[in-house]
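So the structure is just underneath, and the comments pick up after that.
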Amino acid sequence: MELVPVRCRIPELLVRLDKRLPSTSQIKINQQWLADKIGISKQQMSDYINLRTGIMSIQRAALIAYHLDCQIDDLFEWEWR
């Protein structure tokens, strides 16, 4: 058996972060914003979100979690298969 990601939670974490910003904020929190923050393309971010690529490095996961103000474990739902 192995532990595999079955669903990425990044989109809902982006929404949560966006809702916490003041309504007067000019920042648009979306996949492009996050991709820019961590230095990857929007396509690479989309691949992570849609589980089209292998597991991201722990360093990248930590950076994403930092910008989304969450724990690394919050980024994906996992399942034993």
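Each reported figure results from applying straightforward, stated rules to the coordinates on display, with no laboratory input. Because the structure is a prediction, the values reported are computed rather than measured. Methodologically, a virtual Cβ is constructed for each residue, glycine included, from the backbone with ideal geometry; neighbour enumeration extends over all protein chains shown.
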Checklist entry - Among T53, W78, T24, whose Cα lies farthest out toward the positive end of the dipole of the range 15-81, if unit charges sit on the beta carbon of Lys, Arg (+1) and Asp, Glu (-1)? => result T24
Next on the checklist: Between 0 and 90 degrees, rounded to the nearest ten: what's the tilt of helix 58-68 against the longest Cα principal axis of the chain?
Outcome noted: 30
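What per residue convex hull volume, in Å³, comes out for the chain when only alpha-carbon positions are used?
Numbers: hull volume 6.8 nm³, N = 81.
Cα-based convex hull of the chain, divided per residue, equals 84 Å³.
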Checklist entry - So which residue, out of S57, S41, S25, gets the largest mean-square fluctuation from a GNM of the chain using Cα contacts under 10 Å as springs? => result S25
Checklist outcome for this item: Helix 10-20 sits off the longest principal axis of the Cα atoms of the chain, rounded to the nearest 10 on a 0 to 90 degree scale, by 30
Item to check | Label point 7 Å beyond Cα of S46 along Cβ direction - residues of the range 7-24 with amide nitrogen under 12 Å | outcome: none
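At 222 nm, what helix-only mean residue ellipticity would the chain give, in deg cm²/dmol to the nearest 500, using -39500 (n - 2.57) for each DSSP H run of four or more? List each step's numbers first, then the result.
Working: 4 runs with 38 residues, N = 81.
The helix contribution divided over the chain gives -13500 deg cm²/dmol.
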Next on the checklist: I'd like the GluC sites (Glu not before Pro) in the chain restricted to DSSP loop residues with at most 14 other Cβ atoms within 10 Å, sorted by number.
Outcome noted: E2
